[in-house]
Each structure stands twice: as structure tokens, then as C-alpha cells.
Amino acid sequence: MASVWLTGLALVLAGPVPALLARARWTRSVPRAAIVLWQSVAVAAVLAAVGSALAAPEALLRVFLHPEERTGIALAIAVGAAAVLAGLIVVRLVVVLVLLAVRTRVRRARHRDMIDLLARAEEFDAGGTLRAGIVLRVLDGAVPFAYCVPGRVGREGRVVVTGAALETLCPRELRAVIAHEQAHLAARHDLVREGFTALHRAFPVVVRSREARDAVALLLEMLADDAGRRRVGDDAMAGALDAFASSGRAGYGSDVVERLDRIRACVHGGRALAVGTYLAAVALVVVPTVTIVIPWLTDALPTVGVR
Amino acid sequence: MALGELERAVMAQLWSAEEPLTVRDVHDRLERELAYTTVMTVLGRLAKKGLVRQERDGKAYRYAAASSREQMAAELMLDALGDVGEDRTAALVAFVDRVGPEEAATLRRALDTPAHGTPRPAGGSPES
């Protein structure tokens, strides 16, 4: 039975749940809790998939063979198949994650080197808004643009703005943008994004990993927006978004529209909703483990001779 | 002097030079109280980062910027603006994801410009 439950759980967590969660509107009022819930869905889905891969061969053994036949070669084949199936999932995920992590860090290092060489020599006075361990760099550029590049562990991250951005934004809006980028760096939002990017690269089709990646990216932007709103104010944060989006030929993306709507509607999360979301996130990982995996282990392990 | 500033000063000399420079050339052009070995170390670091090209010229090495200042600026912006869609690696996080195809094309054109001289004419006919 365990394999049926785990397979069902894996399918639900890989398909309908991400689809629904990506479309949900309530998540924008509690972005932090919603991101934790997304992470929990991802972990639970992978665990369920690994679990069902481990349990399926043993379940087939039970269906097709009498208890006295479940020994020797049949058992060995079942155990081997389980190991290979589960290993495929785990190895694929780990390999993709490591490759992505290496490539990302190489690209970042090169990007930081170039920024440091090309940034304007004069120090820009950000009005004492920068935290320790973060450097502001101003690049000459006709496109109003701002972004952050995480540093190596223990080293300085960079908040980068273009000259055009300095001209476009008023001082308060600029402080809001800097606060937004600092929030990304300080809370290591890049690691969260990296996880979901790897998940999508490892399992790009069938499962709803693209929706998960994009929804989490948007929630991270909202979370950073909230930091800017707290630090400087709703109007400054919305003004900055407006100025950036309206200045480019690319125009307003749907993500920017959602972020603007959210700030203008003064969406603030309810405590109850946040707590409920955190509880759901914990339950998603704990409940299947306790109700399916542990009973299955106590049942299946003696079959293979583990006591 | 901070190492970062020194690297910038050395790069500025390489960018403004007409031809690859020796360590001695860079050292003389910097017009600062610097040890020869310091300049050599900085050039070595920049070469290791791939920002400077190293050529053997007899017994000495000559150094040139790997790309022009404009090319590097364009590469930087393209890297920053281009971190969207399937290329996304979470290497950096943009405030507003925004790369219009036209903006990307402009930047890519800038990247194709040779280090010294005028832009390559596209297909023989100069663009108006």
C-alpha cells in the first residue's frame, strides 16, 4: 500500500499542488511563509518520488509472488531495482545542483571583476543606507537598471545601479531600490532561487517545476519590496518600480504589475495566515513520513532481513 | 593604495594604449611611486581573471586588455539583463526583469565591435 500512497502523493505534489499554489492570490500577502511552503512542497515531492521508487519493486513482489517465493533472486532484483530507481532521481538532482552552483559562481566572479573595473571611480553617497558587507557600484549605462550580485561567502556582495537609474529615480526611490537589493543579499535569496532553478533543470517536463521556479522568484521580489517599504515607504517603492518599468521598451511585465498592485493595495500579511502556512509547510513533510514511510519501513525491512 | 584602485589604474593604461604594453611601459605610464613587481603582480592577477591578454615578445611579456572598455561594459550589461527565462542561473537578481529583444540586440552589436577601430559594417552595407 505504501508505494501506492507515495506514488499518489508524488504525483499530486508534482502536478496539481504547484499549479494551484502558483495561481493562488493569498500567497502575496505572506510571501515569506509562502516561500517556505513552496520549499516544503518541493522537498515533499522529491521525498515521495524517491519513496515510491524504493517501495514499488517490493509492492510488485507482493502482488505477483507468494510469501515463500519472495526470497533469493526475486528479492535481490526487487531491492536492486528500488536502489536504481531512487538513485536516478537523487543523482540527477545532485549533479544538476552541483553543476549549476559551479557555473553560477564562475559567472558571478567574472561579473564582479568586471563591475569593479568599470564602476565609476567616485564613491556614490547612498546616505548611509548601506549595511556592512555590501558595496554599491554605479555603472555608466543608458538603461535604468539595478541588480545585486552576491559575493563569495564572507565577502562583499555588490548592489549595482546604472547612471541612468540615478537620473531616473528620486533620492527616496533610490534608497528603496537599494534597500530592496540589500534584502536579497542579506537573506541570501539567491540560494532559494538556485534551488528551484536546479529543480527545474533536473525535472523540466511533466512536473510543474517551471511554475514553482517563477512563482518563488516573484515571491522573493515581493519579500524584498517589503524591506524597501519598511525602510523608506510604500510610495517610494512603488515609484521606483514604476520608473523602471515605464522607462524601458520592454514595458511592464506581469510580475511588475503584480508587485505594483500589491504595494498600492497595501497588502500586509495576516499573522494567522502566515502561521497557518508555516504549519502546512511542516505538515507536508512530517505527516507523510509518519503515516506512510515509518509503517512501511517497519513492515518491509524485516522482509529484506533487516531487523 | 587599494588593490581594486590599482587594477583600475592599470586597466585604464591598457585601454588607452595603442598596442600591447610591457610591465615596464605600464609602470612608467602610471606615474606613481610603485614597485615594478607590484605592477607585475597586478597584471598577472588581471591576466588570471581573463581580463588581460598576455603575449610573449622575445624575453618579455606584453599585456593588452582582453576587450575594449565599451565591449566589457556591453558584456556586463548583457550578462545582467540576460539573466532571464531559461538562461536564468540566479547568478544575480535584477530589480525588474527587463530585457526587450531590441535592447539585447543593441548590446550584442556593441559586443561585436572590434577592440580598436570602428564597428564592423554588417554585411558590407553600412547601417544608416
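A short reminder: the numbers here are calculations on the coordinates, not readings from a lab. These numbers were taken from a predicted model, which means no experiment stands behind them. Cβ coordinates were reconstructed from backbone atoms using ideal geometry, including for glycine residues, and neighbour counts include every protein chain displayed.
Data table
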quantity: Rg [Å, one decimal], Dmax [Å, integer] - chain A, C-alpha atoms; calculated: 24.1, 81
quantity: Cβ neighbours within 10 Å from other chains - mean over A:97-109; calculated: 2
quantity: Per-residue Cβ neighbour rank within 10 angstrom, fewest leading, A:66, A:180, A:189; calculated: A:66, A:189, A:180
quantity: Exposure proxy ranking, count of Cβ atoms within 10 Å, fewest first, for A:79, B:42, A:94, A:216; calculated: A:94, A:79, B:42, A:216
quantity: Contour excess over end-to-end distance, with Cα ends at residue A:172 and residue A:234 and 0.36 nm allotted per residue; calculated: 21.3 nm
quantity: Scaled radius of gyration (Cα, divided by 2.2 N^0.38 Å) that region B:3-65 gives; calculated: 0.98
quantity: Ascending count of other beta-carbon atoms within 10 Å, so fewest first, for B:15, A:38; calculated: B:15, A:38
quantity: Computed label-point distance, nm, for sites residue A:298 and residue A:98 using a 7 Å Cα→Cβ extension; calculated: 3.7
quantity: For region B:1-56 versus region A:12-39, the gap between their alpha-carbon centres in whole angstrom; calculated: 52
quantity: Using a Förster distance of 56 Å, the FRET efficiency for residue B:15-residue A:60 (Cβ separation, nearest 0.05); calculated: 0.25
quantity: Helix A:234-247 axis, angle to chain A major axis (alpha carbon atoms, nearest 10°); calculated: 90
quantity: Residues residue A:90 and residue A:261, FRET efficiency given R0 of 35 Å [Cβ-Cβ distance, rounded to 0.05]; calculated: 0.30
quantity: Exercise: per-residue mean of other protein chain Cβ atoms within 10 Å, A:137-147; calculated: 5
quantity: Binned Cα-Cα distances of region A:1-70, short to long, each 10 Å bin given as a whole percent; calculated: 20, 36, 23, 13, 7, 2
quantity: Nitroxide proxy distance, nm - points 7 Å out along Cα→Cβ at residue A:152 and residue B:41; calculated: 1.7
quantity: Pair residue B:59, residue A:26: separation of 7 Å Cα→Cβ label points (nm); calculated: 7.9
